[in-house]
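Q: I am attaching a structure below and will ask some questions about it afterwards.
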């Protein structure tokens with residue numbers, strides 16, 4: 001684990017209820033376990049890289065939160081590295097069933113524009129959670145903001161927090177220096193269903209990788225219920 005990522009996780013150990021990580025190879029998960037195992041439970045989805053080896057998404061939920069369901073979606077793409085992947089949990093928070101989906105979208109082609117696989121990926125995610133009570137979907141979608149693959153979430157009633165909070169970029173100088181002739185300012189998004197009351201959403205700029213973390217603080221609402229302020233969870237996507 002990079003020292004910057006370790007420092008970030010340590011900083012948020014006590015104020016975060018759910019951590020979502022991506023590109024988590026076995027050695028990364030071992031490092032996360034060393035930091036989080038005392039207070040968090042791991043739920044993950046994996047895929048095989050082209051050329052061998054496994055990596056995937058990891059979700060750590062704080063112990064004491066009831067997990068009703070967990071699963072994974074292999075969203076689109078050919079076998080190997082080009083497969084999109086999503087790990088998800090449904091948690092019981094007071095009277096609310098909250099689903100959190102951690103997405104790492106189809107990575108190729110690198111232009112991050114619509115392709116049939118990416119359009120299918122968005123449709124699969126939306127179809128999977130269409131009947132869920134409260135939903136947060138976030139991660140590295142490998143898509144630019146104007147694509148139909150992104151806009152379809154808004155068309156289905158989700159808020160795009162990157163747009164709503166006028167986030168200028170979800171990337172950073174690590175990415176810009178690596179690809180100076182093809183700088184892209186967006187790839188990562190957080191979408192929330194209408195039953196999520198957003199308290200705060202920030203992209204803090206910590207250099208944990210070539211993607212910035214996404215931090216969401218929220219309440220869950222049902223017609224007659226708002227979780228009390230001292231129950232507000234924070235979700236960190238890194």
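Q: Could you give the spread of the C-alpha atoms of segment 57-169 along their three principal axes, from largest to smallest, in whole angstroms?
A: 42, 34, 25
Q: Go through 22-29, 185-192 and give me the packing order, highest mean Cβ count within 10 Å leading.
A: 185-192, 22-29
Q: Also, quick follow-up: With a ≥ b ≥ c the root eigenvalues of the C-alpha gyration tensor of segment 110-227, is it rounded (a/c under 1.5), prolate (a/b larger than b/c) or oblate?
A: oblate
Q: While we're on this one: Computed from the mean reciprocal separation of all distinct C-alpha pairs, what Kirkwood hydrodynamic radius does the chain have, in Å?
A: 17.9
Q: Order by neighbour count: 199, 167, 65, fewest other Cβ atoms within 10 Å first, most last.
A: The order, fewest Cβ neighbours first, is 199, 65, 167.
Readers should treat all values here as calculations from the given coordinates under stated rules, not as data from a laboratory. Computed from a predicted structure; not experimentally measured. Glycine also receives a Cβ, built like all others from the backbone with ideal geometry; neighbour counts cover every protein chain displayed.
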